[in-house]
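Report on the following structure.
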Amino acid sequence: MATTLDPATEPTAPLSRRQAWKAPARPEWVQRLNDEGAGLDLYGVVPLDPASLIASATRNTGLSNFGSPDWREPFERLVASLDGEAQLNLVGRLMTRSDLLMMLEARLRVEELYRQHPEIESEKIEAPIWVLGQGRTGTTLLQTLLSLDPENRTLSICEAMFPVDSAAHFAAADHRIRMWNRVTPQVESVHEFAGHEAIETIMIESCAFQQPAWLNLLGLSPSYTAAMGPENLSNALEYGKRILKAIQWQNPGKRWVLKSPDSVRYVPLVLQCYPDARLVWAHRDPVKAMASAVNMIGTLTYVRSDQKVSEGMFDAITDPAMTAASLEQPIGWIEQGVIPKAHLFNLQYDTLMRDPVAAIAEAYAYFGLKLGEPARAAITAHLAANPRESRPEHRYDQGEAGRIAQERTLFDRYERYFGVPREIA
């Protein structure tokens, strides 16, 4: 006789970290705007289509040369995905249209600058310090502290938004990026967004419209993301470098400090673009870092939509198996010599947090550099003036013991290979 199972008593698989994530309450003004928007024809009121975006960008700048045509097809695919899949609310569509216009206009202005000053092509981005690693491993702190060395410079949010004549556009950049905080105040606890703050290279690489790591923060775009491959990432890196050269020509400086946690998945492409890059890989308990990353990505995408992060979106950050694979893959590249050991310094998160100056001095020494007294003094002063306690606490669910134990098995090789200490059992 067949046994009939009662669905009410049948065991169910636990929710994934992404499914279990709970959205914060929105500010009243944001919720009211989005509620009003639900009754409007959002697709008509805030159009996201290639023709209107390109027309607006060319009208706003008086320019029409976008440079190499490899951006066009990915741009059209991205916009179609944002329009049809991202489920953007009214505030989200307004922000996303604004961001897309800003990227198009930045590209137009960069290409015009190169037309007027072809000598920019000869600029060299020499031996940059390139910070990478799993998200939430102290990479932002490291980038910020490294940028305080008078011998270094880094990419600011203002420069990324307005790479041509950025100083004149600081107020606009600061206002636009702080909108993330105003729309979703919890953003302030997971990442610092302000015009002067340092930012990842993925922001300028997005002007190639082939960098899902940043563009999916404008709205979850699964079909676009699925279509992007290594060639697209290579194009994005090269265009990011083109923008860096333009910034450097306008404002000559010293050694670049660049950051891209996402690039741990494609280090060989980074080395093709920046052959002499000095890689600093930040390591932290991968389970704790992933738990923090799930909350970060959930919060950042919630700025524009009620849609939760699903399978296929930010997998290398939020899915345990995919995150483990992305951290384990570079081991093979190291052992095969694709990543030369002389180009890679491994930095433990607990070392950085315990004594940042000593940790940075050790990284410098590895690459034959010296951390001078002005840099040491600047880092010490910054840490004293900006304690972590001055920012809202980042609260997130670390997960129950059973989940953590299962995830540990996935990260075993990575933890053992790099000697990563555990922060949670």
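Looking only at the range 413-425, residues that are charged (D, E, K, R), part of a helix (DSSP H, G or I) and touching a residue at least 24 places away in the same chain (Cβ under 8 Å) come to 2 in all.
Only one of the numbered conditions (1) touching a Pro at 6+ places or on another chain (Cβ under 9 Å); (2) within 30 Å of residue 20 (Cβ to Cβ); (3) exposed (fewer than 13 other Cβ atoms within 10 Å of the Cβ) is not met by residue 409, and that is (1). Restricted to the range 330-412, the set of helices (runs of 4 or more DSSP H) holding at least 1 residues that are more than 23 Å from the chain's Cα centre (by Cα) and among the hydrophobic types (A, V, I, L, M, F, W, C) comprises 356-366, 373-385, 401-410. Could you check how many residues of the range 370-381 are touching an Asp or Glu at 6+ places or on another chain (Cβ under 8 Å) and without any contact (Cβ under 8 Å) to a residue 24 or more places away in the chain? So the count comes out to 0. Pairs meeting the criteria (first residue in the range 94-108 and more than 13 Å from residue 52 (Cα to Cα), second residue among the basic types (Lys, Arg) and surrounded by 20 or more Cβ atoms within 10 Å (Cβ to Cβ), beta carbons under 7 Å, at least 6 apart or on different chains) are 95/304; 96/304.
When only residues in the range 368-397 that are surrounded by 15 or more Cβ atoms within 10 Å (Cβ to Cβ) and farther than 13 Å from residue 146 by Cα count, which is modelled with the lowest pLDDT? The residue in question is 394.
Reported count of residues in the range 314-329, each being assigned to a helix (DSSP H, G or I) and either touching a residue at least 12 places away in the same chain (Cβ under 8 Å) or on the phi > 0 side of the Ramachandran plot (or both), is 11. When 294, 280, 309, 264 are checked against the criterion of being assigned to a strand (DSSP E or B) and either modelled with pLDDT under 95 or among the β-branched types (Val, Ile, Thr) (or both), a single residue qualifies: 280.
Scanning the range 97-138 for residues that are part of a strand (DSSP E or B) and on the phi > 0 side of the Ramachandran plot gives a single hit, 133. Scoring residue 269 on the criteria (1) crowded, with 20+ Cβ neighbours inside 10 Å; (2) assigned to a helix (DSSP H, G or I); (3) touching a Ser or Thr at 6+ places or on another chain (Cβ under 9 Å) leaves a single failure, condition (1).
Of the candidates 167, 160, 172, the single residue that is buried (at least 22 other Cβ atoms within 10 Å of the Cβ), among the hydrophobic types (A, V, I, L, M, F, W, C) and modelled with pLDDT of 95 or more is 160. The residues of the range 275-304 that are closer than 18 Å to residue 334 by Cβ and surrounded by 22 or more Cβ atoms within 10 Å (Cβ to Cβ), listed by number, are 277, 278, 279, 280, 281, 282, 283, 286.
Inclusion of residue 237 among residues that are in contact (Cβ under 8 Å) with a residue 12 or more places away in the chain, of a type in the set (A, V, I, L, M, F, W, C) and surrounded by 23 or more Cβ atoms within 10 Å (Cβ to Cβ) is warranted. As a summary of the residue check, residue 304 satisfies the conditions (1) in contact with a strand residue (DSSP E or B) (Cβ under 9 Å, 6 or more places away or on another chain); (2) without any contact (Cβ under 8 Å) to a residue 60 or more places away in the chain; (3) charged (D, E, K, R) except for the one numbered (2). Among the residues making up the range 25-82, those that are of a type in the set (Lys, Arg) and in a helix (DSSP H, G or I) are 32, 59, 72, 77.
The values are calculated or read from the model by the stated rules, or taken from the named source; none is laboratory data. In this text the structure is predicted, and so the values were computed from the model without any measurement. Virtual Cβ from ideal backbone geometry, glycine too; neighbours counted across all protein chains shown.
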